[in-house]
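> I am attaching a structure below and will ask some questions about it afterwards.
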Amino acid sequence: MPFRLLKYALKKEYPAKRFFKSHETPKKSYDVVIIGGGGHGLAAAYYLAKDHGITNVAVLEKGYIGGGNTGRNTAIVRSNYLTPEGVNFYDASVKIYEGLSEELDLNLFYSTRGHFTLAHTESAMRTMRWRAEVNKHVGVDSRVVGVDEILKACPQLDISCSGHAPILGALYHGPGSIARHDGVAWGYARGADGYGAEIFQNTEVLSIDVKNGKVCGVNTNKGYIETKQVLCAVAGFTPRITEMVDLKTPIVIHPLQACVTEPMKPWLNSILVSGSLHVYVSQSSRGELVMGSSLDPYEVHQTRSTLDFVEGLTAHMLDMFPFLSNVKIVRQWGGMADMTPDFAPIMGKTPIEGFYLDAGWGTWGFKATPISGKTMASTIANDSNHELIHTFRFSRFEDYELTGEKGAASVGH
Amino acid sequence: MKLLTCPVNGTRPISEFIFGGEYRPAPDQNTCSDAEWAAYVYNRQGAPGDKKEWWYHSPSGTWFIAERNTLTDKVARTYLLADAKKVAGESK
(Lines give C-alpha, C1' and ligand atoms only; values in the text may rest on other atoms or scores of the structure.)
Protein backbone atom coordinates (compact mmCIF):
# COMPACT_ATOMS: atom_id res chain seq x y z
CA MET A 1 0.00 0.00 0.00
CA PRO A 2 1.31 3.50 -0.79
CA PHE A 3 2.40 5.43 2.27
CA ARG A 4 1.06 8.65 0.77
CA LEU A 5 -2.31 8.37 2.52
CA LEU A 6 -0.71 7.85 5.89
CA LYS A 7 1.66 10.77 5.29
CA TYR A 8 -1.22 13.17 4.62
CA ALA A 9 -3.27 11.86 7.49
CA LEU A 10 -0.49 12.88 9.89
CA LYS A 11 0.30 16.19 8.20
CA LYS A 12 -1.32 19.51 8.94
CA GLU A 13 -0.71 21.04 5.51
CA TYR A 14 -3.00 20.20 2.63
CA PRO A 15 -3.54 20.10 -0.32
CA ALA A 16 -0.76 18.06 -1.83
CA LYS A 17 1.72 19.56 -4.28
CA ARG A 18 0.72 19.68 -7.93
CA PHE A 19 1.81 16.57 -9.81
CA PHE A 20 4.08 18.33 -12.25
CA LYS A 21 5.22 21.84 -13.05
CA SER A 22 3.36 23.79 -15.67
CA HIS A 23 5.86 24.79 -18.37
CA GLU A 24 4.89 27.22 -21.11
CA THR A 25 7.92 27.99 -23.28
CA PRO A 26 10.32 25.20 -24.24
CA LYS A 27 14.08 25.72 -24.00
CA LYS A 28 16.19 26.10 -27.15
CA SER A 29 17.32 22.50 -27.08
CA TYR A 30 16.86 19.16 -25.31
CA ASP A 31 18.79 15.89 -25.35
CA VAL A 32 15.58 13.99 -26.06
CA VAL A 33 12.16 15.17 -27.22
CA ILE A 34 9.25 12.82 -26.61
CA ILE A 35 6.16 13.40 -28.72
CA GLY A 36 3.07 12.26 -26.85
CA GLY A 37 2.29 12.69 -23.15
CA GLY A 38 0.44 9.43 -22.67
CA GLY A 39 1.51 6.60 -20.41
CA HIS A 40 4.16 5.33 -22.83
CA GLY A 41 5.83 8.70 -23.47
CA LEU A 42 5.80 9.69 -19.80
CA ALA A 43 7.11 6.28 -18.73
CA ALA A 44 9.95 6.65 -21.24
CA ALA A 45 10.78 10.08 -19.77
CA TYR A 46 10.72 8.58 -16.27
CA TYR A 47 13.02 5.65 -17.09
CA LEU A 48 15.37 7.82 -19.18
CA ALA A 49 16.02 9.76 -15.98
CA LYS A 50 15.84 6.94 -13.46
CA ASP A 51 17.76 4.23 -15.33
CA HIS A 52 20.04 6.28 -17.55
CA GLY A 53 20.45 9.70 -15.90
CA ILE A 54 19.10 11.55 -18.95
CA THR A 55 17.00 14.40 -17.54
CA ASN A 56 17.24 17.10 -20.21
CA VAL A 57 14.03 15.82 -21.75
CA ALA A 58 10.88 17.51 -23.07
CA VAL A 59 7.55 15.68 -23.33
CA LEU A 60 5.26 17.41 -25.85
CA GLU A 61 1.54 16.71 -25.61
CA LYS A 62 -0.91 18.36 -27.96
CA GLY A 63 -3.85 17.91 -25.59
CA TYR A 64 -3.59 17.09 -21.91
CA ILE A 65 -1.61 14.21 -20.45
CA GLY A 66 -3.31 10.84 -20.41
CA GLY A 67 -6.18 12.18 -22.53
CA GLY A 68 -5.51 9.86 -25.46
CA ASN A 69 -5.61 6.09 -25.47
CA THR A 70 -4.07 5.95 -21.97
CA GLY A 71 -7.39 7.23 -20.62
CA ARG A 72 -9.59 5.42 -23.15
CA ASN A 73 -8.68 1.75 -22.79
CA THR A 74 -10.42 -0.81 -20.58
CA ALA A 75 -7.45 -0.92 -18.18
CA ILE A 76 -6.72 -4.66 -18.37
CA VAL A 77 -3.19 -5.90 -17.63
CA ARG A 78 -2.20 -9.46 -18.60
CA SER A 79 0.61 -11.42 -20.22
CA ASN A 80 -1.12 -14.51 -21.69
CA TYR A 81 0.05 -13.91 -25.24
CA LEU A 82 0.78 -16.35 -28.04
CA THR A 83 4.45 -15.97 -28.99
CA PRO A 84 7.21 -16.63 -26.41
CA GLU A 85 8.70 -13.20 -27.23
CA GLY A 86 5.35 -11.50 -26.62
CA VAL A 87 4.73 -13.42 -23.38
CA ASN A 88 8.20 -12.49 -22.07
CA PHE A 89 7.68 -8.84 -22.92
CA TYR A 90 4.22 -8.49 -21.37
CA ASP A 91 5.24 -10.58 -18.35
CA ALA A 92 8.03 -8.10 -17.64
CA SER A 93 5.37 -5.38 -17.78
CA VAL A 94 3.06 -7.18 -15.32
CA LYS A 95 5.99 -7.57 -12.92
CA ILE A 96 6.69 -3.82 -12.97
CA TYR A 97 2.98 -3.03 -12.58
CA GLU A 98 2.78 -5.16 -9.44
CA GLY A 99 5.19 -2.84 -7.62
CA LEU A 100 4.33 0.36 -9.43
CA SER A 101 1.96 1.95 -6.87
CA GLU A 102 4.78 1.71 -4.35
CA GLU A 103 7.44 2.95 -6.76
CA LEU A 104 5.42 5.96 -7.97
CA ASP A 105 3.94 6.56 -4.49
CA LEU A 106 0.47 6.72 -5.98
CA ASN A 107 -2.42 4.30 -5.55
CA LEU A 108 -3.02 2.91 -9.04
CA PHE A 109 -5.84 0.65 -7.77
CA TYR A 110 -3.88 -2.24 -9.23
CA SER A 111 -6.14 -5.19 -8.60
CA THR A 112 -5.25 -8.77 -9.51
CA ARG A 113 -8.47 -10.50 -10.46
CA GLY A 114 -7.71 -13.54 -12.60
CA HIS A 115 -8.54 -13.46 -16.31
CA PHE A 116 -10.71 -15.94 -18.21
CA THR A 117 -10.62 -16.07 -22.00
CA LEU A 118 -13.78 -18.02 -22.77
CA ALA A 119 -13.81 -20.59 -25.57
CA HIS A 120 -17.09 -21.36 -27.30
CA THR A 121 -15.73 -23.63 -30.04
CA GLU A 122 -13.26 -26.50 -30.38
CA SER A 123 -10.96 -24.33 -32.46
CA ALA A 124 -10.94 -21.68 -29.74
CA MET A 125 -10.12 -24.41 -27.20
CA ARG A 126 -7.16 -25.38 -29.36
CA THR A 127 -5.86 -21.80 -29.33
CA MET A 128 -6.31 -21.70 -25.54
CA ARG A 129 -4.25 -24.89 -25.13
CA TRP A 130 -1.59 -23.43 -27.40
CA ARG A 131 -1.44 -20.21 -25.41
CA ALA A 132 -1.43 -22.10 -22.10
CA GLU A 133 1.53 -24.24 -23.18
CA VAL A 134 3.53 -21.27 -24.48
CA ASN A 135 2.76 -19.36 -21.26
CA LYS A 136 3.81 -22.27 -19.02
CA HIS A 137 6.98 -22.75 -21.02
CA VAL A 138 7.95 -19.13 -20.37
CA GLY A 139 6.91 -19.42 -16.70
CA VAL A 140 3.64 -17.49 -16.80
CA ASP A 141 0.64 -18.75 -14.80
CA SER A 142 -1.91 -19.77 -17.46
CA ARG A 143 -3.88 -22.97 -17.82
CA VAL A 144 -6.91 -24.37 -19.58
CA VAL A 145 -9.87 -24.78 -17.24
CA GLY A 146 -13.28 -26.42 -17.57
CA VAL A 147 -16.76 -25.03 -17.13
CA ASP A 148 -16.88 -25.95 -13.44
CA GLU A 149 -13.92 -23.74 -12.61
CA ILE A 150 -15.36 -20.82 -14.60
CA LEU A 151 -18.68 -21.13 -12.74
CA LYS A 152 -16.89 -21.29 -9.41
CA ALA A 153 -15.26 -17.93 -10.13
CA CYS A 154 -18.35 -16.41 -11.78
CA PRO A 155 -21.61 -18.19 -10.84
CA GLN A 156 -23.70 -15.46 -12.50
CA LEU A 157 -22.53 -16.45 -15.98
CA ASP A 158 -25.04 -18.18 -18.27
CA ILE A 159 -22.71 -20.93 -19.43
CA SER A 160 -24.87 -21.65 -22.50
CA CYS A 161 -24.85 -17.95 -23.47
CA SER A 162 -28.63 -18.06 -24.03
CA GLY A 163 -28.10 -21.18 -26.07
CA HIS A 164 -26.30 -19.24 -28.81
CA ALA A 165 -22.71 -20.09 -28.02
CA PRO A 166 -22.23 -22.59 -25.16
CA ILE A 167 -18.94 -22.16 -23.30
CA LEU A 168 -16.67 -25.22 -23.50
CA GLY A 169 -13.81 -24.01 -21.32
CA ALA A 170 -11.41 -21.14 -20.89
CA LEU A 171 -7.81 -20.04 -20.70
CA TYR A 172 -7.30 -18.96 -17.10
CA HIS A 173 -4.55 -16.45 -16.41
CA GLY A 174 -3.95 -15.80 -12.70
CA PRO A 175 -2.00 -12.51 -12.93
CA GLY A 176 -4.72 -10.81 -15.04
CA SER A 177 -5.39 -7.42 -13.42
CA ILE A 178 -7.00 -4.05 -13.81
CA ALA A 179 -5.58 -0.66 -12.84
CA ARG A 180 -6.58 2.96 -12.81
CA HIS A 181 -5.25 3.98 -16.20
CA ASP A 182 -5.11 7.77 -15.87
CA GLY A 183 -3.29 7.31 -12.55
CA VAL A 184 -0.52 5.52 -14.45
CA ALA A 185 -0.01 8.59 -16.66
CA TRP A 186 -0.10 10.97 -13.69
CA GLY A 187 2.27 8.82 -11.66
CA TYR A 188 4.85 8.63 -14.42
CA ALA A 189 4.40 12.36 -15.13
CA ARG A 190 5.12 13.22 -11.51
CA GLY A 191 8.08 10.84 -11.43
CA ALA A 192 9.59 12.25 -14.63
CA ASP A 193 8.96 15.83 -13.50
CA GLY A 194 10.67 15.07 -10.20
CA TYR A 195 13.82 14.01 -12.07
CA GLY A 196 13.78 17.21 -14.12
CA ALA A 197 11.99 16.27 -17.35
CA GLU A 198 9.74 19.07 -18.63
CA ILE A 199 6.14 18.34 -19.63
CA PHE A 200 4.41 20.67 -22.10
CA GLN A 201 0.67 20.34 -22.57
CA ASN A 202 -1.23 22.01 -25.43
CA THR A 203 2.00 21.74 -27.43
CA GLU A 204 1.62 20.33 -30.91
CA VAL A 205 4.45 19.16 -33.16
CA LEU A 206 3.98 20.73 -36.60
CA SER A 207 6.99 19.22 -38.39
CA ILE A 208 10.21 17.37 -37.72
CA ASP A 209 13.49 18.66 -39.05
CA VAL A 210 15.53 15.87 -40.70
CA LYS A 211 18.84 16.59 -42.48
CA ASN A 212 20.95 13.90 -44.20
CA GLY A 213 18.84 11.18 -42.63
CA LYS A 214 19.36 12.56 -39.10
CA VAL A 215 16.92 14.28 -36.77
CA CYS A 216 17.94 17.91 -36.01
CA GLY A 217 14.88 19.32 -34.28
CA VAL A 218 11.12 19.70 -34.10
CA ASN A 219 8.84 22.60 -34.98
CA THR A 220 6.03 23.14 -32.52
CA ASN A 221 3.28 25.68 -32.02
CA LYS A 222 5.54 27.05 -29.25
CA GLY A 223 8.62 27.43 -31.41
CA TYR A 224 11.55 25.42 -32.73
CA ILE A 225 13.35 22.93 -30.46
CA GLU A 226 16.80 21.55 -31.30
CA THR A 227 17.30 17.88 -30.53
CA LYS A 228 19.08 14.85 -31.97
CA GLN A 229 16.71 12.27 -30.54
CA VAL A 230 12.94 12.14 -30.96
CA LEU A 231 10.63 9.46 -29.59
CA CYS A 232 7.25 9.18 -31.28
CA ALA A 233 4.76 7.71 -28.77
CA VAL A 234 1.43 8.97 -30.08
CA ALA A 235 -0.70 5.83 -30.64
CA GLY A 236 -3.52 6.75 -33.05
CA PHE A 237 -1.66 9.78 -34.37
CA THR A 238 1.41 7.78 -35.47
CA PRO A 239 0.77 7.97 -39.25
CA ARG A 240 0.58 11.78 -39.03
CA ILE A 241 4.00 11.93 -37.34
CA THR A 242 5.68 9.34 -39.59
CA GLU A 243 4.37 11.26 -42.60
CA MET A 244 6.35 14.30 -41.33
CA VAL A 245 9.60 12.33 -41.67
CA ASP A 246 8.48 10.49 -44.82
CA LEU A 247 8.60 7.08 -43.17
CA LYS A 248 6.27 4.41 -44.60
CA THR A 249 4.76 2.02 -42.07
CA PRO A 250 2.05 -0.67 -42.10
CA ILE A 251 -0.02 1.22 -39.50
CA VAL A 252 -3.68 2.00 -40.22
CA ILE A 253 -6.14 3.60 -37.81
CA HIS A 254 -9.39 1.99 -36.73
CA PRO A 255 -11.56 3.31 -33.90
CA LEU A 256 -11.99 1.08 -30.85
CA GLN A 257 -14.95 1.79 -28.62
CA ALA A 258 -15.75 1.07 -24.99
CA CYS A 259 -18.48 1.87 -22.47
CA VAL A 260 -19.39 1.56 -18.79
CA THR A 261 -22.58 0.78 -16.89
CA GLU A 262 -23.91 2.57 -13.86
CA PRO A 263 -22.09 1.48 -10.67
CA MET A 264 -23.26 -1.68 -8.92
CA LYS A 265 -22.24 -3.52 -5.78
CA PRO A 266 -19.23 -5.73 -6.42
CA TRP A 267 -20.31 -9.01 -7.99
CA LEU A 268 -17.82 -9.65 -10.78
CA ASN A 269 -14.35 -10.34 -9.46
CA SER A 270 -12.82 -11.93 -12.56
CA ILE A 271 -12.00 -10.35 -15.90
CA LEU A 272 -13.94 -12.15 -18.64
CA VAL A 273 -13.13 -12.11 -22.34
CA SER A 274 -15.03 -13.80 -25.11
CA GLY A 275 -13.50 -13.82 -28.57
CA SER A 276 -16.59 -15.33 -30.18
CA LEU A 277 -19.01 -12.84 -28.61
CA HIS A 278 -16.58 -9.92 -29.05
CA VAL A 279 -16.81 -8.87 -25.41
CA TYR A 280 -14.42 -8.13 -22.62
CA VAL A 281 -15.69 -7.06 -19.24
CA SER A 282 -14.46 -6.33 -15.74
CA GLN A 283 -15.90 -4.48 -12.76
CA SER A 284 -13.96 -1.40 -11.75
CA SER A 285 -13.17 -0.44 -8.18
CA ARG A 286 -16.10 1.98 -8.19
CA GLY A 287 -18.52 -0.68 -9.36
CA GLU A 288 -19.01 0.12 -13.03
CA LEU A 289 -18.83 -2.70 -15.54
CA VAL A 290 -16.14 -1.67 -18.00
CA MET A 291 -16.80 -3.22 -21.40
CA GLY A 292 -15.13 -3.25 -24.76
CA SER A 293 -15.60 -4.98 -28.07
CA SER A 294 -13.78 -5.50 -31.35
CA LEU A 295 -12.48 -2.76 -33.63
CA ASP A 296 -14.76 -0.68 -35.79
CA PRO A 297 -14.82 -2.33 -39.20
CA TYR A 298 -13.22 0.38 -41.31
CA GLU A 299 -10.50 3.04 -41.16
CA VAL A 300 -11.51 6.40 -39.63
CA HIS A 301 -9.43 9.00 -37.80
CA GLN A 302 -12.12 9.87 -35.27
CA THR A 303 -13.03 9.13 -31.66
CA ARG A 304 -16.79 9.23 -32.22
CA SER A 305 -19.13 6.76 -30.54
CA THR A 306 -21.82 4.83 -32.36
CA LEU A 307 -25.14 3.29 -31.37
CA ASP A 308 -24.30 0.17 -33.42
CA PHE A 309 -21.45 -0.54 -31.05
CA VAL A 310 -23.53 -0.34 -27.85
CA GLU A 311 -26.34 -2.38 -29.39
CA GLY A 312 -23.99 -5.13 -30.53
CA LEU A 313 -22.00 -5.23 -27.32
CA THR A 314 -24.96 -5.20 -24.94
CA ALA A 315 -26.76 -7.93 -26.91
CA HIS A 316 -23.76 -10.17 -26.33
CA MET A 317 -23.47 -9.08 -22.70
CA LEU A 318 -27.08 -10.20 -22.19
CA ASP A 319 -26.25 -13.58 -23.71
CA MET A 320 -23.67 -13.98 -20.93
CA PHE A 321 -25.53 -12.19 -18.11
CA PRO A 322 -29.30 -12.05 -18.79
CA PHE A 323 -29.95 -10.46 -15.36
CA LEU A 324 -28.24 -7.22 -16.51
CA SER A 325 -31.18 -6.28 -18.76
CA ASN A 326 -32.24 -3.36 -16.53
CA VAL A 327 -28.76 -2.00 -15.97
CA LYS A 328 -28.00 1.26 -17.77
CA ILE A 329 -25.05 2.27 -19.90
CA VAL A 330 -23.87 5.63 -18.61
CA ARG A 331 -20.86 6.50 -20.78
CA GLN A 332 -19.36 5.43 -24.05
CA TRP A 333 -16.30 6.67 -25.89
CA GLY A 334 -13.82 5.77 -28.60
CA GLY A 335 -10.09 5.82 -29.20
CA MET A 336 -7.96 5.58 -32.33
CA ALA A 337 -6.11 2.26 -32.46
CA ASP A 338 -2.92 2.13 -34.56
CA MET A 339 -3.22 -1.35 -36.01
CA THR A 340 -0.39 -3.48 -37.43
CA PRO A 341 -0.79 -6.55 -39.67
CA ASP A 342 0.57 -8.98 -37.05
CA PHE A 343 -1.09 -7.43 -33.97
CA ALA A 344 2.30 -6.69 -32.40
CA PRO A 345 3.76 -3.22 -31.79
CA ILE A 346 6.49 -1.49 -33.78
CA MET A 347 9.25 -0.37 -31.44
CA GLY A 348 12.77 0.96 -31.53
CA LYS A 349 15.11 2.43 -34.11
CA THR A 350 14.02 3.45 -37.60
CA PRO A 351 15.97 4.15 -40.81
CA ILE A 352 16.09 7.81 -39.70
CA GLU A 353 18.91 8.38 -37.25
CA GLY A 354 17.59 9.69 -33.95
CA PHE A 355 13.93 8.95 -34.74
CA TYR A 356 12.51 6.22 -32.51
CA LEU A 357 9.08 4.66 -32.75
CA ASP A 358 6.92 3.35 -29.93
CA ALA A 359 3.87 2.64 -32.05
CA GLY A 360 1.50 0.06 -33.43
CA TRP A 361 -0.08 -0.31 -30.02
CA GLY A 362 -3.50 -0.99 -31.50
CA THR A 363 -5.73 -2.46 -28.83
CA TRP A 364 -2.98 -3.76 -26.52
CA GLY A 365 -0.99 -0.72 -25.36
CA PHE A 366 -2.03 0.00 -21.76
CA LYS A 367 -0.73 -3.25 -20.30
CA ALA A 368 2.67 -2.59 -21.87
CA THR A 369 3.09 0.95 -20.51
CA PRO A 370 5.87 0.27 -17.94
CA ILE A 371 7.94 -2.10 -20.04
CA SER A 372 7.60 0.07 -23.16
CA GLY A 373 8.86 3.05 -21.21
CA LYS A 374 11.75 1.04 -19.82
CA THR A 375 12.82 -0.58 -23.10
CA MET A 376 12.40 2.59 -25.15
CA ALA A 377 14.46 4.54 -22.60
CA SER A 378 17.21 1.94 -22.91
CA THR A 379 16.94 1.99 -26.72
CA ILE A 380 17.30 5.79 -26.81
CA ALA A 381 20.09 5.95 -24.21
CA ASN A 382 22.18 3.30 -26.01
CA ASP A 383 20.95 4.01 -29.56
CA SER A 384 20.43 0.27 -29.86
CA ASN A 385 17.21 -1.75 -29.63
CA HIS A 386 16.68 -3.34 -26.21
CA GLU A 387 16.76 -7.15 -26.51
CA LEU A 388 13.13 -7.51 -25.37
CA ILE A 389 11.89 -5.49 -28.36
CA HIS A 390 13.99 -7.12 -31.07
CA THR A 391 10.95 -9.09 -32.21
CA PHE A 392 8.92 -5.84 -32.51
CA ARG A 393 11.54 -4.01 -34.59
CA PHE A 394 10.61 -1.73 -37.50
CA SER A 395 12.53 -3.83 -40.03
CA ARG A 396 10.64 -7.06 -39.29
CA PHE A 397 8.29 -6.42 -42.21
CA GLU A 398 10.98 -6.13 -44.87
CA ASP A 399 12.66 -9.15 -43.21
CA TYR A 400 9.33 -11.06 -43.46
CA GLU A 401 9.72 -11.95 -39.76
CA LEU A 402 6.35 -11.01 -38.35
CA THR A 403 5.34 -11.61 -34.72
CA GLY A 404 1.91 -13.22 -35.01
CA GLU A 405 -0.10 -12.16 -31.96
CA LYS A 406 -3.48 -12.05 -33.67
CA GLY A 407 -4.80 -15.00 -31.65
CA ALA A 408 -4.09 -13.30 -28.32
CA ALA A 409 -3.99 -9.55 -28.76
CA SER A 410 -7.67 -8.72 -28.82
CA VAL A 411 -11.15 -10.06 -29.49
CA GLY A 412 -13.02 -10.75 -32.68
CA HIS A 413 -10.10 -10.81 -35.08
CA MET B 1 -21.31 7.24 -42.43
CA LYS B 2 -24.49 5.18 -42.10
CA LEU B 3 -25.27 4.71 -45.79
CA LEU B 4 -23.11 3.92 -48.77
CA THR B 5 -23.97 3.94 -52.46
CA CYS B 6 -23.20 0.76 -54.34
CA PRO B 7 -22.73 1.63 -58.02
CA VAL B 8 -24.94 -1.34 -58.99
CA ASN B 9 -27.55 -1.51 -56.21
CA GLY B 10 -27.87 2.09 -55.09
CA THR B 11 -27.77 3.52 -51.55
CA ARG B 12 -27.85 0.84 -48.87
CA PRO B 13 -27.20 0.65 -45.07
CA ILE B 14 -23.51 0.47 -44.15
CA SER B 15 -24.07 -2.91 -42.46
CA GLU B 16 -24.41 -4.46 -45.94
CA PHE B 17 -20.86 -3.45 -46.85
CA ILE B 18 -17.40 -4.77 -46.03
CA PHE B 19 -14.31 -2.56 -46.07
CA GLY B 20 -11.59 -3.93 -48.36
CA GLY B 21 -8.72 -1.56 -47.63
CA GLU B 22 -6.88 0.96 -49.73
CA TYR B 23 -6.79 0.60 -53.52
CA ARG B 24 -3.10 0.16 -54.43
CA PRO B 25 -1.56 -0.73 -57.77
CA ALA B 26 0.87 -3.66 -57.41
CA PRO B 27 4.46 -3.41 -58.61
CA ASP B 28 5.57 -5.90 -61.29
CA GLN B 29 6.60 -8.93 -59.25
CA ASN B 30 9.04 -10.07 -61.96
CA THR B 31 11.10 -6.89 -61.92
CA CYS B 32 10.68 -5.27 -58.48
CA SER B 33 13.17 -5.75 -55.64
CA ASP B 34 12.41 -7.68 -52.44
CA ALA B 35 12.24 -4.42 -50.50
CA GLU B 36 9.74 -2.92 -52.99
CA TRP B 37 7.61 -6.05 -52.73
CA ALA B 38 7.71 -6.02 -48.90
CA ALA B 39 6.71 -2.35 -48.97
CA TYR B 40 3.77 -3.19 -51.24
CA VAL B 41 2.67 -6.13 -49.09
CA TYR B 42 2.83 -4.37 -45.72
CA ASN B 43 3.02 -0.59 -45.93
CA ARG B 44 -0.07 1.60 -46.10
CA GLN B 45 -0.87 5.29 -46.40
CA GLY B 46 -2.02 5.52 -42.80
CA ALA B 47 -2.28 9.32 -42.54
CA PRO B 48 -5.78 10.80 -42.78
CA GLY B 49 -7.01 12.28 -46.04
CA ASP B 50 -8.79 11.47 -49.30
CA LYS B 51 -8.39 7.79 -50.13
CA LYS B 52 -9.40 5.41 -52.88
CA GLU B 53 -10.69 2.26 -51.21
CA TRP B 54 -12.10 -1.14 -52.04
CA TRP B 55 -15.59 -1.79 -50.69
CA TYR B 56 -17.73 -4.90 -51.08
CA HIS B 57 -21.53 -5.01 -51.20
CA SER B 58 -22.03 -8.33 -49.48
CA PRO B 59 -25.60 -9.33 -50.48
CA SER B 60 -24.89 -8.86 -54.20
CA GLY B 61 -21.17 -9.72 -54.22
CA THR B 62 -20.13 -6.43 -55.82
CA TRP B 63 -16.62 -5.09 -55.37
CA PHE B 64 -16.26 -1.39 -56.13
CA ILE B 65 -14.17 1.70 -55.44
CA ALA B 66 -15.16 4.45 -52.97
CA GLU B 67 -13.35 7.77 -52.72
CA ARG B 68 -13.60 8.64 -49.05
CA ASN B 69 -11.98 11.08 -46.64
CA THR B 70 -10.75 9.09 -43.64
CA LEU B 71 -10.76 12.14 -41.35
CA THR B 72 -14.32 13.35 -42.03
CA ASP B 73 -15.67 9.93 -43.09
CA LYS B 74 -17.42 11.60 -46.08
CA VAL B 75 -17.66 9.67 -49.35
CA ALA B 76 -17.05 11.76 -52.48
CA ARG B 77 -18.15 9.10 -55.00
CA THR B 78 -18.30 5.39 -55.70
CA TYR B 79 -17.83 3.52 -58.99
CA LEU B 80 -16.86 0.17 -60.43
CA LEU B 81 -13.16 -0.28 -61.12
CA ALA B 82 -13.97 -0.83 -64.80
CA ASP B 83 -15.38 2.71 -64.89
CA ALA B 84 -12.37 4.28 -63.15
CA LYS B 85 -10.96 5.86 -66.31
CA LYS B 86 -14.33 7.27 -67.31
CA VAL B 87 -14.86 8.74 -63.81
CA ALA B 88 -11.36 10.27 -63.80
CA GLY B 89 -12.08 11.83 -67.23
CA GLU B 90 -15.33 13.40 -66.02
CA SER B 91 -13.64 15.12 -63.11
CA LYS B 92 -11.10 16.91 -65.34
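> Could you grab me the full set of residues in region A:299-341 that are within 30 Å of A:PHE392 (Cβ to Cβ) and of a type in the set (Asp, Glu)?
Within region A:299-341, A:GLU299, A:ASP338 qualify.
> From (1) within 13 Å of chain B (Cβ to nearest Cβ); (2) over 18 Å from the mean Cα position of the chain (by Cα); (3) of a type outside the set (Ser, Thr, Tyr); (4) within 29 Å of A:LYS374 (Cα to Cα), pick out the condition that doesn't hold for A:GLU353.
The one condition A:GLU353 does not meet is (1).
Conditions (1) in a loop (DSSP other than H, G, I, E, B); (2) among the polar types (S, T, N, Q); (3) surrounded by 19 or more Cβ atoms within 10 Å (Cβ to Cβ); (4) under 14 Å from the mean Cα position of the chain (by Cα), marked per residue:
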position: A:GLY63; (1), (2), (3), (4): yes, no, no, no
position: A:GLY67; (1), (2), (3), (4): yes, no, no, yes
position: A:SER79; (1), (2), (3), (4): yes, yes, yes, yes
position: A:VAL94; (1), (2), (3), (4): no, no, yes, yes
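> Additional query: Does region A:36-80 hold any residues that are farther than 20 Å from A:GLU24 by Cβ and free of Cβ contacts under 8 Å to residues at least 40 places away in the same chain, and which are they?
A:GLY53
> Working carefully through the options A:HIS137, A:HIS120, A:HIS115, find the one that is surrounded by fewer than 22 Cβ atoms within 10 Å (Cβ to Cβ) and touching a residue at least 60 places away in the same chain (Cβ under 8 Å).
That would be A:HIS120, the only listed residue that is surrounded by fewer than 22 Cβ atoms within 10 Å (Cβ to Cβ) and touching a residue at least 60 places away in the same chain (Cβ under 8 Å).
> Select from region B:73-92 the residues that are more than 14 Å from chain A (Cβ to nearest Cβ), at pLDDT 95 or above and farther than 12 Å from B:PRO7 by Cα and list them in ascending order.
Of everything in region B:73-92, just one residue is more than 14 Å from chain A (Cβ to nearest Cβ), at pLDDT 95 or above and farther than 12 Å from B:PRO7 by Cα, namely B:ALA76.
> Taking the conditions exactly as written (closer than 22 Å to A:ARG78 by Cβ, within 14 Å of chain B (Cβ to nearest Cβ) and assigned to a strand (DSSP E or B)), does A:ALA337 satisfy them or not?
Taking the combined requirement at face value, the residue satisfies it.
> Quick check on this structure: which one of A:ASN56, A:ASN73 is within 29 Å of A:THR227 (Cα to Cα) and polar (S, T, N, Q)?
The conditions single out A:ASN56.
> Based on this model, can you work out whether B:ASP50 counts as in contact (Cβ under 8 Å) with a residue 60 or more places away in the chain, more than 8 Å from chain A (Cβ to nearest Cβ), touching a strand residue (DSSP E or B) at 6+ places or on another chain (Cβ under 9 Å) and not hydrophobic (A, V, I, L, M, F, W, C)?
Taking the combined requirement at face value, the residue does not satisfy it.
> Another question, if that's okay. Give me a count of the residues in region A:340-380 that are assigned to a loop (DSSP other than H, G, I, E, B) and either out of contact with any Leu (no Cβ under 6 Å at 6 or more places or on another chain) or modelled with pLDDT under 95 (or both).
Here the count works out to 15.
> Can you confirm whether A:ALA315 is over 30 Å from A:VAL210 (Cβ atoms) and not in a strand (DSSP E or B)?
yes
> I would also like to ask the following. Please find, among B:THR70, B:THR31, B:THR11, the residue that is within 14 Å of chain A (Cβ to nearest Cβ) and without any contact (Cβ under 8 Å) to a residue 24 or more places away in the chain.
Only one candidate qualifies: B:THR70.
> Out of everything in region A:267-306 that is β-branched (Val, Ile, Thr) and within 14 Å of chain B (Cβ to nearest Cβ), what residue ends up being surrounded by the fewest Cβ atoms within 10 Å (Cβ to Cβ)?
Applying the filter and picking the extreme gives A:THR306.
> Hey, among A:LEU313, A:LEU256, which residue is under 22 Å from the mean Cα position of the chain (by Cα), more than 30 Å from A:SER207 (Cα to Cα) and at pLDDT 95 or above?
A:LEU313 is the lone residue from the list that is under 22 Å from the mean Cα position of the chain (by Cα), more than 30 Å from A:SER207 (Cα to Cα) and at pLDDT 95 or above.
> Yes or no: A:GLY196 surrounded by 22 or more Cβ atoms within 10 Å (Cβ to Cβ) and closer than 30 Å to A:GLU61 by Cα?
When the stated conditions are applied, A:GLY196 does not pass them.
> So A:ASP342 clears everything in (1) surrounded by 19 or more Cβ atoms within 10 Å (Cβ to Cβ); (2) away from every other protein chain (no Cβ under 14 Å); (3) touching a helix residue (DSSP H, G or I) at 6+ places or on another chain (Cβ under 8 Å) except one condition, right? Which one?
Result: A:ASP342 fails condition (2) only.
The values are calculated or read from the model by the stated rules, or taken from the named source; none is laboratory data. The shown structure was predicted, so the numbers you read here are calculated from the model rather than taken from an experiment. Cβ atoms come from the backbone with ideal geometry, glycine included; neighbour counts cover every protein chain shown.
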